[in-house]
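J.: Just passing along the structure, written as structure tokens.
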Amino acid sequence: MKYFLLFSILFFNLLFANSSKDVLLLHSYHKGYAWTDDISKEIERNFKDHKDIELTTIYMDTKRIDNYSYLADLAKLYKKQFEGRVFDLIIVSDNTALDFMIKYHEFLFKDVPVLFCGINNFDKSLLDENNMKKFTSGVAEEVDLEKNFELISKLHPKLKDLLIINDTSITGYAIKRDLNPIIEKYKDKFKIEYTDNLEIGNLKQKVSALDTENSVILFVLLFKDTTGKYFTYKQSFAQVKEVSRVPIYGLWDFYLDNGIVGGLLTSAIAQGDAVSKMALEVLKGKDVSKIPILEKSPNVYMFDYKELEKFKIDVSKYVNNPIIINEPASMYKEHTKFFILAIIIILVLSIVVIVLKANIQRREKVELELSNRLEFDKVLLDTIPNPIYYKNIDGKFLGCNISFASLVSSSRDEIIGKTAFDFFPYNVASKNTQIDQELLTTFATSTSEFTFYTSSNEMKHIILNKAVYKNIDGTVGGIVCIMDDITERVQQKQFLIQQSKLAEMGDMIAAIAHQWNEPLVELSALVQDIQTSYLLNELKEMEVKDFVNDSMVQIKYMSKTLSDFRNFLKPSTKKKLFSISKSLSEINEIIGKQVFYSNIEMSFNYKNENEELLIYGYENEFKQVLLNLINNAKNKIVEKNIDFTKKPKIDINIKRTSNFNTIEIVDDGGRIDDKIINSIFEPYFTTKEDGTGIGLYMAKVIIEDKMRGTITAKNDGNNVIFTIKLPHKKA
């Protein structure tokens, strides 16, 4: 399968690569020459929809320079320029490019098909040279001189003088050869003067001197005068037109709209269109030798209306359906267009009215639905018990529900347009404004908590859930906030904490009783002993000192016990790093003797013996949790009153992991029922008749909510394991 996919990819890449066609367009002349540019534009237009054709265009510039060494150098340049490139087709325009291609085809583009256009005096025998016939086809450019002479003689029946202006370029010489027999034919009808050897100044003098009534000019070409001065086609014609007072006819369409009357014109656009259509056939796979050469040039009668009007020339009698440029619309056409335009405008306006009416009806329906939706949203917001408000990016309230208005003891109208500083204490409003600014930058959500007093001096504990909302155009609208009033939950939790403390005090009193039992017995014995010595008159000063010293030791121990319990009951004010071993040692001081007197073996097992393990959190609350868990384990063992074959145990295992310190309290006093083990941390859940059900709940609150740790319970055979995991660094 892998090789098949690889083969498929290579195949399609090759197929795609082969589908691309590379075409070279070689122009005889230069870019900017109208004839050349029109051919290029038409070829590019016909190739535009064929994305697989890559057209490369180069210019030989032989209007400016044309000699053997220059053409030989061009051949060497093209050999270097196109080394490594394989063309699918060569298109050449005008005679010089075709002659060049015939001579250097084998050297430059061996076996590549060639199409030509714009070739004057085309002779098929040219293609016999270098065996080019099987590689070549194209479109000949045939200037129809005789029909233009015929046209001029018909349009100007009183014509006396015809001035023919030409130059000595290759094209000019070719046309001169064709002109000779035609001049001979018409020399008896009117005087014909041919010129191609005048300096531009002399030529202008000759043109300006022509008889305005009975003279006509046939402008062929003029790119160089006898001094070698070079002109563009526009420059040379413009100078002649500037001094001419007689009609000027031409042979090419690029002079049209520059001042010639017109004629049967050779069209570069038609040449480009014909050769590009042939090119598409070749690129589709047709043998170029099977495409017949188009020897009859696609010439067209074309005239300039402005010049016809200027010289009062009517061509309609002699030419059917000519192309006339710059022709103004007739009155009928003007009215027809106006009528059509008016109908179109009326139809468009009618459609617009219908669309607008439908749009208005649709908008009215949408507005009604929107009004209903807004009313529904308003009722919905007011039904939600949570206070809700939304405000803009400047922090000003835009709206709220009844619950929020009630919270701040104001009406909606009084709230809208104001800020948090108008309803909340400065510190609360300032903190919330800072949160809003961060949200508008990050586009995140935020949950925060604050406490404040209402106008009736009632304390409120509030959780704020905020998010950024956007307008329909995508811009930021502001902040929306949903509040959660947790006052009752906070008060309930505080009540539970108080209950927990009261329950612990009972345990503390029992622990103090155990702690004081031994020193009180010792003090009782000392008092009795001192009394006996006194009655027997055996009391000595030394014995009194010993009695005082021994009594003070016991009293100090009892005082220290009270101090330890007082410190234990006092809540921690802030988180700090504290020692696990120190906390466990202090717990052992408080409850160790109770456990011992209950005939239970309690051991502390440190897995990291040489490392001081620290916890980040609240020290006294942590000791409260340990005391609760150990006390529960002790009571469970005592209550079961099992005749143990071995002494019951409570093991406290302490170890360090990468992110947590773990404390396990393991007792062998029997399993917790699997049905209730997942409920033991819930508030008020207890299996004891006189139990409060808040001890383990408070343990979970302290460990998980306040100290960001975890506490879990599980059965392991007959043992129960409570596991506490707490971070040993700031979270």
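J.: Confirm whether Asn359 is without any contact (Cβ under 8 Å) to a residue 24 or more places away in the chain and either open to solvent by less than 80 Å² (accessible area, probe 1.4 Å) or of a type in the set (A, V, I, L, M, F, W, C) (or both). It would help to see each step written out before you state the result.
T.: Details: without any contact (Cβ under 8 Å) to a residue 24 or more places away in the chain: yes; either open to solvent by less than 80 Å² (accessible area, probe 1.4 Å) or of a type in the set (A, V, I, L, M, F, W, C) (or both): yes.
So Asn359 fits the description; yes.
J.: Filter the strands (runs of 3 or more DSSP E) completely within the range 316-411 down to those with at least 2 residues that are β-branched (Val, Ile, Thr).
T.: By residue number, 323-325.
J.: Give the number of residues within the range 221-250 that are open to solvent by less than 40 Å² (accessible area, probe 1.4 Å), closer than 23 Å to Ile39 by Cα and either modelled with pLDDT of 90 or more or in a strand (DSSP E or B) (or both).
T.: Residues in the range 221-250 being open to solvent by less than 40 Å² (accessible area, probe 1.4 Å), closer than 23 Å to Ile39 by Cα and either modelled with pLDDT of 90 or more or in a strand (DSSP E or B) (or both): 2 in total.
J.: Please verify whether the range 60-69 includes one or more residues that are touching a Gly at 6+ places or on another chain (Cβ under 6 Å) and part of a helix (DSSP H, G or I). Spell out the reasoning first.
T.: Pass one, the range 60-69, residues touching a Gly at 6+ places or on another chain (Cβ under 6 Å): none.
No, there is no match, as no residue in the range 60-69 is touching a Gly at 6+ places or on another chain (Cβ under 6 Å) and part of a helix (DSSP H, G or I).
J.: Residues of the range 143-168 being open to solvent by 30 Å² or more (accessible area, probe 1.4 Å) and farther than 26 Å from Ser316 by Cβ, which ones?
T.: Thr168
J.: Consider Leu368 carefully, then state whether it is under 27 Å from Gly474 (Cα atoms), without any contact (Cβ under 8 Å) to a residue 24 or more places away in the chain, in contact with a helix residue (DSSP H, G or I) (Cβ under 9 Å, 6 or more places away or on another chain) and of a type in the set (A, V, I, L, M). Explain how you work it out, then say what you get.
T.: Numbers: under 27 Å from Gly474 (Cα atoms): yes; without any contact (Cβ under 8 Å) to a residue 24 or more places away in the chain: yes; in contact with a helix residue (DSSP H, G or I) (Cβ under 9 Å, 6 or more places away or on another chain): no; of a type in the set (A, V, I, L, M): yes.
The answer is no for Leu368.
J.: Looking at Lys176, Lys206, Lys185, can you tell me which residue is without any contact (Cβ under 8 Å) to a residue 60 or more places away in the chain and either of a type in the set (A, V, I, L, M, F, W, C) or exposed (fewer than 14 other Cβ atoms within 10 Å of the Cβ) (or both)?
T.: Residue meeting the stated conditions: Lys185.
J.: In addition: What's the number of the only condition in (1) at pLDDT 85 or above; (2) surrounded by 16 or more Cβ atoms within 10 Å (Cβ to Cβ); (3) among the aromatic types (Phe, Trp, Tyr) that Phe452 fails to meet?
T.: (1)
J.: Could I ask something else about it? Out of all the residues in the range 417-425, is one or more open to solvent by less than 100 Å² (accessible area, probe 1.4 Å), more than 41 Å from the chain's Cα centre (by Cα) and in contact (Cβ under 8 Å) with a residue 60 or more places away in the chain?
T.: Within the range 417-425, none of the residues are open to solvent by less than 100 Å² (accessible area, probe 1.4 Å), more than 41 Å from the chain's Cα centre (by Cα) and in contact (Cβ under 8 Å) with a residue 60 or more places away in the chain.
Matching residues to (1) surrounded by fewer than 16 Cβ atoms within 10 Å (Cβ to Cβ); (2) modelled with pLDDT of 90 or more:
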{"residue": "Glu621", "(1), (2)": "no, no"}
{"residue": "Leu626", "(1), (2)": "no, no"}
{"residue": "Ile630", "(1), (2)": "no, no"}
{"residue": "Thr645", "(1), (2)": "yes, no"}
{"residue": "Ile652", "(1), (2)": "no, yes"}
{"residue": "Asn659", "(1), (2)": "yes, no"}
{"residue": "Ile663", "(1), (2)": "no, yes"}
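J.: Could you tell me whether the range 263-272 includes any residue that is modelled with pLDDT of 90 or more, open to solvent by 70 Å² or more (accessible area, probe 1.4 Å) and within 30 Å of Ile53 (Cβ to Cβ)?
T.: no
J.: Among the listed residues Val207, Val282, identify the single one that is aliphatic (A, V, I, L, M) and under 30 Å from Phe87 (Cα atoms).
T.: Sole residue among the options that is aliphatic (A, V, I, L, M) and under 30 Å from Phe87 (Cα atoms): Val282.
J.: Quick check: anything in the range 302-321 open to solvent by 50 Å² or more (accessible area, probe 1.4 Å) and touching a helix residue (DSSP H, G or I) at 6+ places or on another chain (Cβ under 6 Å)?
T.: yes
J.: Just to confirm my filter: which strands (runs of 3 or more DSSP E) fall fully inside the range 92-199 and include at least 3 residues that are more than 27 Å from Leu77 (Cβ to Cβ)?
T.: So the answer is 161-165, 191-195.
J.: Out of the range 455-471, which residues are surrounded by 13 or more Cβ atoms within 10 Å (Cβ to Cβ) and in contact with a Gly (Cβ under 9 Å, 6 or more places away or on another chain)?
T.: Residue satisfying the conditions is Val468 alone.
J.: Of the numbered conditions (1) in contact (Cβ under 8 Å) with a residue 40 or more places away in the chain; (2) open to solvent by less than 50 Å² (accessible area, probe 1.4 Å); (3) under 26 Å from Lys284 (Cα atoms); (4) touching a helix residue (DSSP H, G or I) at 6+ places or on another chain (Cβ under 7 Å), Phe87 satisfies every one except a single condition; which is it?
T.: If we test Phe87 against (1) in contact (Cβ under 8 Å) with a residue 40 or more places away in the chain; (2) open to solvent by less than 50 Å² (accessible area, probe 1.4 Å); (3) under 26 Å from Lys284 (Cα atoms); (4) touching a helix residue (DSSP H, G or I) at 6+ places or on another chain (Cβ under 7 Å), just (4) comes out false.
The values are calculated or read from the model by the stated rules, or taken from the named source; none is laboratory data. Predicted model only: the values in this text are computed from it and were never measured. Note that we place each Cβ from the backbone using ideal geometry, even for glycine, and neighbour counts take in every protein chain shown. Accessible surface is based on the protein model in full, side chains and every heavy atom, while ligands, DNA and RNA are left aside. Shrake-Rupley method; radii C 1.70, N 1.55, O 1.52, S 1.80 Å.
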